[in-house]
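What follows is one structure encoded as structure tokens, with my remarks underneath.
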Amino acid sequence: MLRLAGIDADPAAALADGRALATWRAMVRAQGGDPDAPLPVARHRRAVLPAPQDGWLQRLDARAVGVAAWRLGAGRAVKEDPVSPAAGVRCLAKPGERVERGQPLLELLTDSESRFDHAAAAVAGAVTVGERPPEAMPLIIDHL
């Protein structure tokens, strides 16, 4: 991203020498946060969406994953709804990776077990596994 923006910087160096972490910690403090606070952990986890066959993960529907995360409590239907900072979806395999039949492709995270079924329904059919790796997508689709 830096290179695309025309910025001559080496992010690997900033990560290695600790500058990136120091900057992140300063940003959290500037917004009134505590960078040393423990991150929330979901009370319940469930691996879902088994690969239908051996092959290559060719497609993972990002919208379906987003809907599942929302149904797990990571988002709101109306502004008054609470949001669970521990809720979400962990991708256990990403497009382009080799998978084996039955291997779970996603892990659902929530504080309420009653949310699992609706979240799992959102990702049903959200993947395509094929015999070959997917074709590489262009980094730039179009210029405006």
Under the rule of -39500 (n - 2.57) per DSSP H run of 4 or more residues, summed and divided by the residues of the chain, what mean residue ellipticity at 222 nm is obtained, to the nearest 500 deg cm²/dmol?
-7000 deg cm²/dmol
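How do the peptides 66-72, 78-84 rank, highest first, by the average count of neighbouring beta carbon atoms within 10 Å per residue? Write out the running numbers ahead of the final one.
Numbers: 66-72: 22.0, 78-84: 8.6.
Ranking the peptides 66-72, 78-84 by packing returns 66-72, 78-84.
Pop the C-beta distance of residue 131 and residue 47 into the FRET formula with R0 = 30 Å and round what comes out to the nearest 0.05. List each step's numbers first, then the result.
Working: r = 24 Å, r/R0 = 0.80.
The computed FRET efficiency comes out at 0.80.
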Leaving out ligands and nucleic acids, note down the accessible area per residue over the chain with a 1.4 angstrom probe, in whole Å².
73 Å²
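How much FRET efficiency would the formula 1/(1 + (r/R0)^6) give for residue 118 and residue 5, where r is the Cβ-Cβ distance and R0 is 41 Å, rounded to 0.05? Write down the numbers at each step before the final one.
Numbers: r = 40 Å, r/R0 = 0.97.
The computed FRET efficiency comes out at 0.55.
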Obtain the nm distance between the two label points defined at residue 36 and residue 86 by a simple spin-label model: each point lies 7 Å from its Cα along the Cα-to-C-beta direction.
2.3 nm
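Please state the charge dipole magnitude for the stretch 3-66, taken about the Cα centre, from unit charges on C-beta atoms (+1 on K and R, -1 on D and E), reported in debye and rounded to the nearest 20. Show your work: numbers first, answer last.
Values: 9 positive and 7 negative charges, 70 e Å.
Here the size comes out at about 340 debye.
Residue 77 to residue 28: FRET efficiency via 1/(1 + (r/R0)^6), r the Cβ-Cβ distance, R0 30 Å, to the nearest 0.05?
My answer for the efficiency is 0.60.
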Cα-centre dipole for the stretch 12-138 with unit charges at Cβ (Lys and Arg positive, Asp and Glu negative), debye to 20
140 debye
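The values are calculated or read from the model by the stated rules, or taken from the named source; none is laboratory data. Just so it is clear, the model here is predicted, and its values are computed rather than measured. So basically every Cβ, Gly included, is an ideal-geometry build from the backbone, and we count neighbours across all protein chains shown. Please note that ligands, DNA and RNA were not included when accessible areas were found on the heavy atoms of the full protein model with its side chains. Shrake-Rupley method; radii C 1.70, N 1.55, O 1.52, S 1.80 Å.
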